[in-house]
């Protein structure tokens, strides 16, 4: 057999290996990115709920609601008006801020 006949099809194997590596890297990147997006969304949802609850429940109500969402209350500030609160929560590595008011 000549060398050209023995080498036939070797490029196809290399192409399959390269395509598989590209597929695995892309899939891994999408999974990581998706996890971060979900974490950020859950942090924002928790921040919104915490801000709304703390209008009536104050800081203690905010801490309870943050715990129910699996988040940590990082900051709670009333003001500048009496009927306004601003909160910062952390969910995993994500942080989110929300503001709520009772004012008309």
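Here, each number is a calculation from the coordinates, and none is a lab measurement. These numbers were taken from a predicted model, which means no experiment stands behind them. Every residue, glycine among them, receives a Cβ derived from its backbone with ideal geometry; neighbour counts consider all protein chains shown.
Distance between the pseudo-spin-label points of residue 18 and residue 36 (7 Å out from Cα toward the beta carbon): 2.8 nm.
Which one is right for this structure if Rg/Rh (Cα atoms, Kirkwood Rh) is calculated from it: (1) 1.53; (2) 1.03; (3) 0.94? Given (1) 1.53; (2) 1.03; (3) 0.94, the structure-derived one carries the label (1).
Note: relative contact order over the chain, using C-alpha pairs below 8 Å and six or more positions apart, is 24 percent. For helix 10-68, report the angle its Cα long axis makes with the longest principal axis of the Cα atoms of the chain; keep it between 0 and 90° and round to the nearest 10°. Relative to the chain, helix 10-68 is tipped by roughly 10 degrees. Between the C-alpha center of region 18-48 and that of region 78-104 there is a gap of 27 Å.
As a check on your grasp of the helix formula, calculate [θ] at 222 nm for the chain: sum -39500 (n - 2.57) over DSSP H runs of n ≥ 4, divide by the residue count, round to the nearest 500. Kindly include the intermediate steps, with their values, before the conclusion.
Details: 2 runs with 63 residues, N = 104.
Taken over the chain, the calculation gives -22000 deg cm²/dmol.
Of the beta bridges DSSP finds with both residues in the chain, what % are antiparallel, to the nearest 5? Taking every DSSP beta bridge within the chain, about 100 percent pair in antiparallel fashion.
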